[in-house]
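The values are calculated or read from the model by the stated rules, or taken from the named source; none is laboratory data. Since this is a predicted model, take the numbers as computed values, not measurements. Here the Cβ is made from the backbone with ideal geometry for all residues, glycine too, and neighbour counts use every protein chain on show.
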Amino acid sequence: MRPARRQVLRLGTGALVAAGIGLPSVPAGARQTSWIGGEGAVRGRIRPPRFRAERFPITRYGATPADATAGIAAAISACHQAGGGHVVVPPGLWHTGAIHLLSHVDLHLEEGATLRFSTDPAAYLPVVRTRWQSVEVYNYSSLIRADGQTDIGITGKGVLDGAGDNEHWWYWIGSGQYGWHEGLPNQRADWGELERMNNEQVPLGERVFGAGHYLRPSFVQPFRCTNVLIEGVTIKDSPMWTIHPLECRNVTVRGVTVENLGPNGDGCNPESCTDVLIRDCTFATHDDCIAIKSGRDADGRRLGLPSRGIIVENCHFLSGGAAVAVGSEMSGGVHDVYVRRLTAPADPAADEACLQWLLCVKSTSTRGGYVHTVDVRDVDSGAWMYRPLEITFSYQGGGDQSLFPDVHDIRLDRIRVARAERAYRIVGAESRHIRSVAITNSRFGQVAAEAVVQYADDVTIRNVRISTSLGDSEWRNGFA
C-alpha cells in the first residue's frame, strides 16, 4: 500500500386562530435583527432557559392515566399564571391528546413516565398555522406545540410516544411498506394540492387542511418561540417529523433519544431558526436524523427566513438517511452550520447502510436560496455509508426550472468512514457551479466506486486516503 500523498487538488469541472382567515405576509427580513456569525459568536448566544423550582404535578389538576389531556392543560395554565415552573408527569403510562405549552413552563417527565399520544386526528384540532414539508398551511396541530412563547421546556428521563405505526398515521403516506392498501386514504392528493398552492402563491388563509385531509402532523413543534429546551427525553414513533422548531430563536436540544422508523420520520429539523444547539443526542430513524430547513420553493423565497447558527456536536447515529442534511427545503437560505464529533457504529449483522450520508446538501432546480459556511469536523463512522458527502442539485429528480441555489464554502476535516459506496459526490449544474469545497485529513475505507466532481470550482482534496479493493489511492474524478 502506498502512503497517502500530502498535496492539494483543485478542480474546476465543470418555508390564526380561525381557519380560513389568513395573516398578512411578512416582508422578507422584517423580523430579522442584527446577527453575527461564526462558531464562537453562536455558542455565546445559545443559553437554555431557566425555570422556577415550583412543581405542578398533573395529578393535582385531574389527570388520570386513561385521559390526562385536560389535567395537563390545567397544570400548564396554572404553572404559567404562577410565573412558571415544572409541570410534572409522574411514573406510569398516561394517555393524552395535543399539548400546548405556555411561556416559562417546563413539561417534565419523571423517569418511568410515558405520555402516549392519541392516534385520533380530531385530538389535534382546531387547525393551526404551521408548515408541512416546509410549505405554509393551516393543518393539524403538532402533538406538542407552543406558539409565540418564551422560555419553554420539555425535559426529564421519560418517554414521549407518538404511537405511530402501520395502522395509525404512517399509512397516510400511501405506501404498502407502511400498511397502506387500496381503499385506505392517503396524502397524495392533499400534498399535490398544497404544492400547487405554493407554486401559485395562493393566500395562506385559503390553505386550510386538517379534518378530512391526510397531512400528518409533526410531534414537537415550537413555533415562533424564543428560548427553547428539549432535554433528556426519549421521543418515539412520531406521525412525521419528530422535533421541528419553526421560526424559533435560541433552541437547545440536548441528551435526547429519537426512535422513529416511520415515513418522513426525521429526528430533528430546525427550520428558519436562529441559534440552535443539538448536542449529545442519539438518533435511530428511517429518514434523515438532522435536517436543516428554511422553506420550500416560492414560500421559502417569499418569507426569506434562513436557518443560521446551527451547532451539532457529540451526537450518535444508529440509523437514518443523513446524519446531517441541509435541505432539500432550503429556499430561505442556510448558513453558519458547525458539526463536531459525531459517531456511527458498525452493525455487523446488517448488510445495508446504517447511514446513507454523513452530510448531504440537497436541492433542486425549483428551490433557489443558498447554502454556505457548513463546517464538519471529527467524525468516526464504522458504519457503511452510501456517500459520506453529497452535494446535489437533482434531489428526487430535480425539476425543469433554473432556480438552483448558491452553494459554497463546505468543509469536512478529520473524517473517518470505514466503508462507503463513494467517498464523495459533488455535482452542481452547468448554469450554477458549486464553489469552494474542501475535504482534508480524512480516511475512507473499502470504497467501491470512484468519487465524482462535476460543475464545481475550487474543490480541495488534501491528505485524504481512499482505500479500495485495489489498495490505497487518492481518486480525483479521473485526475491523477
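Is it the case, given these coordinates, that residue 262 is farther than 18 Å from residue 98 by Cα and touching a helix residue (DSSP H, G or I) at 6+ places or on another chain (Cβ under 7 Å)?
yes
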- Message: Name the residue that is surrounded by the fewest Cβ atoms within 10 Å (Cβ to Cβ), counting only residues in the range 369-405 that are modelled with pLDDT of 95 or more, of a type outside the set (A, V, I, L, M, F, W, C) and within 16 Å of residue 292 (Cβ to Cβ).
- Response: 375
- Would it be correct to say that residue 366 is within 19 Å of residue 440 (Cα to Cα) and surrounded by fewer than 24 Cβ atoms within 10 Å (Cβ to Cβ)? no
- Task: Tell me, yes or no, whether the range 189-204 has at least one residue that is surrounded by 18 or more Cβ atoms within 10 Å (Cβ to Cβ) and under 19 Å from the mean Cα position of the chain (by Cα).
- Result: no
- Message: Within the range 142-188, take every residue that is in a helix (DSSP H, G or I) and within 19 Å of the chain's Cα centre (by Cα) and give me the one that is surrounded by the fewest Cβ atoms within 10 Å (Cβ to Cβ).
- Response: 173
- Check on residue 311, farther than 27 Å from residue 178 by Cα, surrounded by fewer than 24 Cβ atoms within 10 Å (Cβ to Cβ), out of contact with any Pro (no Cβ under 7 Å at 6 or more places or on another chain) and hydrophobic (A, V, I, L, M, F, W, C): yes
- Please enumerate the residues belonging to the range 366-387 that are within 20 Å of the chain's Cα centre (by Cα), outside any loop (DSSP other than H, G, I, E, B) and of a type outside the set (S, T, N, Q). 370, 371, 372, 374, 375, 376, 377, 379, 385
- Note on the structure: Exactly one of 252, 226 is surrounded by fewer than 19 Cβ atoms within 10 Å (Cβ to Cβ) and on the phi < 0 side of the Ramachandran plot, and that residue is 226
- Task: Evaluate the range 212-220: report whether one residue or more is crowded, with 19+ Cβ neighbours inside 10 Å, in contact with a strand residue (DSSP E or B) (Cβ under 6 Å, 6 or more places away or on another chain), in the same structural domain as residue 150 (by TED's automatic domain parsing) and in a strand (DSSP E or B).
- Result: yes
- Message: For the structure I just gave you, tell me whether residue 254 is under 15 Å from the mean Cα position of the chain (by Cα), at pLDDT 95 or above and either closer than 25 Å to residue 356 by Cβ or aliphatic (A, V, I, L, M) (or both).
- Response: no
- Message: For the range 263-292, which positions are assigned to a loop (DSSP other than H, G, I, E, B), surrounded by 24 or more Cβ atoms within 10 Å (Cβ to Cβ) and not polar (S, T, N, Q)?
- Response: 265, 266, 267, 270, 273, 281, 288, 289
